[in-house]
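Since the structure comes first, as structure tokens, the remarks are kept for the end.
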Amino acid sequence: MEKPFFEQVYDLVRQIPYGRVSTYGAIAQYLGSGGAARMVGWAMNKAHNQPKPVPAHRVVNRIGVLTGKHHFDGLNTMQQLLKSEGIIVIDNQIQDFQKVVWHPLVELHKSQNSL
DNA sequence: ATTTTGACGACGT
DNA sequence: GACGTCGCCAAAA
């Protein structure tokens, strides 16, 4: 039996490289549940309870808007973290989003990563 | 076990 | 192209 859905989400989010972001839909799709995008976001909520740190700030919606920023400690915590990684965020919108987006299915497929 | 939710996404208007 | 509605899927109450 595989890990619970949530844990798979955390594991994948931790695999997001520095200076890159991912989308809920892409993550859900990687897990095989394309339509479960909302589930991914919800998993992020529980991520705070996780023993391992989850870079939830690197997860945004399909348009690159920091929809979940208000779930963080402060109001602009998420934006600050992204900015620290070289990602420019203006008005909750990631600039050059398409350039920093990280598709797990595509990226991991190129590496043929096995575990 | 049933119902609601939840940091979304796609389609329709 | 922006706004609205419905659908998804899995977990929590």
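The values are calculated or read from the model by the stated rules, or taken from the named source; none is laboratory data. Just so you know, these numbers come straight off a predicted model, no measurement behind them. Using ideal geometry, Cβ is built from the backbone for each residue, glycine included, and neighbour counts are taken over all protein chains shown.
So the values come out like this:
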| item | result |
| --- | --- |
| Enumerated helices (runs of 4 or more DSSP H) restricted to region A:68-115, each holding at least 2 residues that are touching a strand residue (DSSP E or B) at 6+ places or on another chain (Cβ under 9 Å) and surrounded by 16 or more Cβ atoms within 10 Å (Cβ to Cβ) | A:77-84, A:97-100 |
| Scope region A:8-25; condition near DNA strand B (Cβ under 7 Å from one of its atoms) and either without any contact (Cβ under 8 Å) to a residue 12 or more places away in the chain or of a type outside the set (Val, Ile, Thr) (or both); matching residues | A:24, A:25 |
| Lone qualifier among A:62, A:58 - being away from DNA strand C (no atom under 16 Å from the Cβ) and in contact with a strand residue (DSSP E or B) (Cβ under 6 Å, 6 or more places away or on another chain) | A:58 |
| Flag for residue A:63 being in a loop (DSSP other than H, G, I, E, B), crowded, with 17+ Cβ neighbours inside 10 Å and touching a residue at least 12 places away in the same chain (Cβ under 8 Å) | no |
| Those helices (runs of 4 or more DSSP H) lying entirely in region A:1-60 with at least 3 residues at pLDDT 95 or above and among the charged types (D, E, K, R) | none |
